[in-house]
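Please read the structure below before turning to the comments.
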Amino acid sequence: MVTFLAGGTGTPKLLDGATRLWDPAEVTVVANTGDDVELGGHLVCPDVDTVLFAGGGVLDRETWWGIADDTTATHEELRRLADEVGLGTAPRYLGPEAQTAGREIASWRRFSGVGEFMEIGDRDRAVHVTRTSLLDEGRSLTEVVRTLADAFDLDTDLLPMSDDPVATLIHTEAGEMIHFQEYWVARRGEPTVEDVEFRGAADAEPTDAVRAALDDPVVIGPSNPVTSIGPMLAVPGIADALAETPVVAVSPFVGDEVFSGPAADLMAGVGYDPSTAGIVEAYPFADAFVLDGDDETDVAAVVRDIDRRPAPHVEYTDTRIDDADDAERVARACGRAL
Ligand code: FO1
Ligand code: CA
């Protein structure tokens, strides 16, 4: 049995090859939910859904979010209506005074549907409607994700990190506090990040299913350690569980060059060196790291500096993942390290 921690695109890309190496029935994926937003009354879970759609063979592999060849009729009409009456398409945050009957709303991740600032495809939206409706019927997010995984014929186990709401909030240099999706989608990752907060995490609990999954060896793919993996580490009990089980992490950097996404800016914002050295620092519980063959980071020296013992094992391979063969190569390196 092996457990993957997934957020963004790094771990989902790795999973493409991991399921050639490990029997999918033996693989559990724990997905980040810090990126989740309630938009127009529907709960959108981007990191859960990337794994769901990839496993179901319907993921849009150009963007690594949403469903391939999805239509956007409803989204376009929402934008048109908002424009028509001068409401525009900027994110419209709903404060704590806005409550929906029957369900407690985590206001810090709640946005109006007017002008829909994220592009929600028509088939994608059907997933959000189903998910939200099942939650409204009283099921837990874990149960709902299991139901959706069955609907998409997933052959791995997929678990949200917690049933409790957690929201990744970006504090900008300009003194604003904005949700990760507002920072990333509406503001295109442009504001300078001063700090990152995981609102709700301290009061969230890992589910029993997540606790059980963390008894197995864990692979952390080349995801961004701050907003993809950070929310999980902020949930009490998860980092402790990782200290007790073998963990291998794949660096999303080659030295200080990142493959993609906002990892470098976010790491700098929270005080980690935006490099493989920063990854080693961010994962003090990791027993091994998979680095690119061109990565000259002296992991032993980094560990000496942060006074962590024993020194982790380092496995080298070409860590660029463009297709399933690449993913299989990186997964094999993870397997050797565990
Ligand atoms: N990313 C974008 O850059 N623009 C979008 O309009 C957008 C919509 C969207 C809708 C559903 C979904 O599950 C993900 C979506 N994403 C979009 C991706 C998302 O913002 C992030 O890439 C993830 O949260 C990072 O893991
Ligand atoms: Ca460990």
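The values are calculated or read from the model by the stated rules, or taken from the named source; none is laboratory data. Predicted model only: the values in this text are computed from it and were never measured. Every residue, glycine as well, gets a Cβ built from its backbone with ideal geometry; the counts of neighbours run over all protein chains shown.
Assorted remarks:
- Test: residue in region 239-251 that is within 16 Å of ligand 1 (Cβ to nearest atom), within 20 Å of Trp64 (Cα to Cα) and either over 16 Å from the mean Cα position of the chain (by Cα) or assigned to a loop (DSSP other than H, G, I, E, B) (or both): no
- Lone unmet requirement of (1) surrounded by 21 or more Cβ atoms within 10 Å (Cβ to Cβ); (2) within 15 Å of ligand 2 (Cβ to nearest atom); (3) among the β-branched types (Val, Ile, Thr) for Val303: (1)
- If the condition is being in a loop (DSSP other than H, G, I, E, B) and charged (D, E, K, R), then region 29-64 contributes Asp35, Asp36, Asp60, Arg61, Glu62.
- The condition of being in a helix (DSSP H, G or I) and of a type outside the set (Val, Ile, Thr) does not hold for Asp307.
- Qualifying positions in region 159-177 - touching a Ser or Thr at 6+ places or on another chain (Cβ under 7 Å) and either without any contact (Cβ under 8 Å) to a residue 12 or more places away in the chain or outside any loop (DSSP other than H, G, I, E, B) (or both): Leu159, Pro160, Ser162, Thr168, Thr172
- Residue within region 25-34 that is over 24 Å from Asp150 (Cα atoms), free of Cβ contacts under 8 Å to residues at least 40 places away in the same chain and surrounded by fewer than 18 Cβ atoms within 10 Å (Cβ to Cβ) present: no
- In region 284-300, the residues that are within 14 Å of Ala333 (Cβ to Cβ) and touching a residue at least 24 places away in the same chain (Cβ under 8 Å) form Cβ pairs under 8 Å with partners that are assigned to a helix (DSSP H, G or I) and away from ligand 2 (no atom under 16 Å from the Cβ), at six or more places apart or across chains, as follows: Phe289/Thr276; Val290/Val330; Val290/Ala333; Leu291/Thr276; Asp295/Thr276.
- Qualifying residue in region 153-172 (condition: on the phi < 0 side of the Ramachandran plot, surrounded by fewer than 18 Cβ atoms within 10 Å (Cβ to Cβ), in contact with a helix residue (DSSP H, G or I) (Cβ under 8 Å, 6 or more places away or on another chain) and modelled with pLDDT of 95 or more): yes
- Test: Gly200 is crowded, with 18+ Cβ neighbours inside 10 Å, modelled with pLDDT under 95 and small (Gly, Ala, Ser): yes
- Among the conditions (1) modelled with pLDDT of 95 or more; (2) touching an Asp or Glu at 6+ places or on another chain (Cβ under 9 Å); (3) more than 29 Å from Ile170 (Cα to Cα), Thr19 misses just one, which is (1).
- When each of Glu281, Glu315 is tested for being within 16 Å of ligand 2 (Cβ to nearest atom), in contact with a Phe, Trp or Tyr (Cβ under 7 Å, 6 or more places away or on another chain) and of a type in the set (D, E, K, R), the lone residue that passes is Glu281.
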